[in-house]
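Written below as structure tokens is the structure these notes are about.
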Amino acid sequence: MFHSPQMVKKRVPEWLNSSLWSSTPSPSLDEDRVQPYTSKPTATTTITSSSSTSDYEPPSMVDPPIPVPPPKPTREDKPPPQPQSTDSLPDHEDKNNTTPSPEDISRQAQLLVELSRKTINLRELRRIASQGIPDGAGIRSTVWKLLLGYLPPDRGLWSSELAKKRSQYKHFKDELLMNPSEITRKMDNCTNCDTDESKGQSKGLLSRSEITHGEHPLSLGQSSVWNQFFQDTEIIEQIDRDVKRTHPDLHFFSGDSSDAKSNQDALKNILIVFAKLNPGIRYVQGMNELLAPLFYVFKTDPNEEDAASAEADTFFCFVELLSGFRDHFCQQLDNSVVGIRSTITKLSQLLKEHDEELWRHLEITTKVNPQFYAFRWITLLLTQEFNFADSLHIWDTLLSDPEGPQETLLRVCCAMLILIRRRLLAGDFTSNLKLLQNYPPTNIRHLLYVANKLRVQSPG
């Protein structure tokens, strides 16, 4: 007998109705579970029990394995990162609340073991890091560089690779951040070096600089350095405005301190160099938000040498990160199979597979187009939906996917919808859109747990 699609209603997966979700976790365990990722000590952003912010409670956690101390590094090995001082934590993190859970201690020990090996086992590193890298351990910087392919698995190559990349970035800055006056002066100096002898014969005479058509400020030629400079000015001004708006609640990125201004300058340099090296994309608003987590993690590395080179390291890791999402920032590809609209459609299909009732209510009954909320979720990798510390934890999981972060990102977005399904099913267009554009605080570990269940759970 034929059934029209409208008459078929998929059941909610049984694992969502498990008694685990209705059980109340013990206060002490729930506290341990949430504290490392609590960042803003205000009433509106402090993470509380998920019963007040989502429809499901996290399952009880199993006892972690006993931490294994890492082996001592050999002489030629670079020592693994040491615990990070709480002084370098951003202002939104509660420095007095630094007691790690037993699970975090165990995971930190496992990560230190992996990072101390001569050759890193990337598969094992991804497995451990996908569960979250403990805050304050000072190891997230190294792990992210490995996950993004910036550091090779062979630790013996780290020093030479870092030196080469950092030198290359310095060359990019020297060539691309020089204004036309400096370029002309540099070219003139080279010419002067070649004509020292002729100048010696005419001492006391002031020679007029020979300015070619391409070097004249009024030249409109495509090869004119001034014409290119004026074209870049608009983008540079946009970058400057956006960087100044990056995380205004964090002193690390904003304020009048010399450190904040230095950090802003580093973000601007990276984005300008990227725009000039990638003329097909140049700069798109929002790139500053993707850059901020990388730069923060690398700049707060307890290794002083690495922290001093955070700008160069961030540039190359930013390029690696964006390579998986490049098409989302190319307007010409918006409607293609690799563009942002196609990715949003995949999210819609994923929700329909796992919770057709919710999908139907959102897109057919209340007509909430997923582009109204998912565009920002996807293009900015959820950096605007959660507080900064929670975003770092989510990125631990995104960067750990060996196939790239996009599929994991879509599962996390789908889990975000499922976790507030009761509120969405009870809401109309206006209330649902407001809720999705201002996602409520939630237990990040539970969110990632549900997202991982979507990976292994075949649709019912």
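The values are calculated or read from the model by the stated rules, or taken from the named source; none is laboratory data. Just so it is clear, the model here is predicted, and its values are computed rather than measured. All Cβ positions, glycine included, derive from the backbone under ideal geometry; neighbour counts span all protein chains shown. In case anyone asks, the SASA skips ligands and DNA or RNA and just uses the protein heavy atoms, side chains included. Shrake-Rupley method; radii C 1.70, N 1.55, O 1.52, S 1.80 Å.
Hey, can you tell me all the residues within the range 344-359 that are open to solvent by less than 60 Å² (accessible area, probe 1.4 Å) and either among the hydrophobic types (A, V, I, L, M, F, W, C) or free of Cβ contacts under 8 Å to residues at least 12 places away in the same chain (or both)?
To start, the set of residues in the range 344-359 that are open to solvent by less than 60 Å² (accessible area, probe 1.4 Å) comprises 344, 347-348, 350-351, 354-356, 358-359.
Correct list: ILE344, LEU347, LEU350, LEU351, LEU358, TRP359.
Applying the selection to the range 236-270, what residues are among the β-branched types (Val, Ile, Thr) and either open to solvent by 10 Å² or more (accessible area, probe 1.4 Å) or out of contact with any Phe, Trp or Tyr (no Cβ under 6 Å at 6 or more places or on another chain) (or both)?
Applying the first criterion (among the β-branched types (Val, Ile, Thr)) to the range 236-270 yields 236, 239, 243, 246, 270.
Once the filter is applied, which keeps residues that are among the β-branched types (Val, Ile, Thr) and either open to solvent by 10 Å² or more (accessible area, probe 1.4 Å) or out of contact with any Phe, Trp or Tyr (no Cβ under 6 Å at 6 or more places or on another chain) (or both), the range 236-270 yields ILE236, VAL243.
Out of VAL319, VAL273, which single residue is open to solvent by 30 Å² or more (accessible area, probe 1.4 Å), modelled with pLDDT of 90 or more and within 19 Å of the chain's Cα centre (by Cα)? Let's see the steps before the verdict.
Numbers: VAL273 fails: open to solvent by 30 Å² or more (accessible area, probe 1.4 Å).
Of the residues listed, the single one that is open to solvent by 30 Å² or more (accessible area, probe 1.4 Å), modelled with pLDDT of 90 or more and within 19 Å of the chain's Cα centre (by Cα) is VAL319.
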Might you let me know whether the range 287-304 holds any residue that is open to solvent by 10 Å² or more (accessible area, probe 1.4 Å), farther than 22 Å from TRP144 by Cβ and outside the structural domain of ILE394 (by the TED database)? no
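So which helices (runs of 4 or more DSSP H) are wholly in the range 375-434 and hold at least 1 residues that are more than 24 Å from ILE139 (Cβ to Cβ)? Talk me through it step by step, then tell me what you get.
Numbers: elements: 388-399, 405-419, 421-425.
Once the helices (runs of 4 or more DSSP H) in the range 375-434 are filtered for at least 1 residues that are more than 24 Å from ILE139 (Cβ to Cβ), what remains is 405-419, 421-425.
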Complete set of residues in the range 118-133 that are open to solvent by 10 Å² or more (accessible area, probe 1.4 Å) and of a type outside the set (A, V, I, L, M): LYS118, THR119, ASN121, ARG123, GLU124, ARG126, ARG127, SER130, GLN131
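So is ARG166 closer than 17 Å to PHE315 by Cα, modelled with pLDDT of 95 or more and either assigned to a helix (DSSP H, G or I) or in contact with a strand residue (DSSP E or B) (Cβ under 9 Å, 6 or more places away or on another chain) (or both) or not?
Yes.
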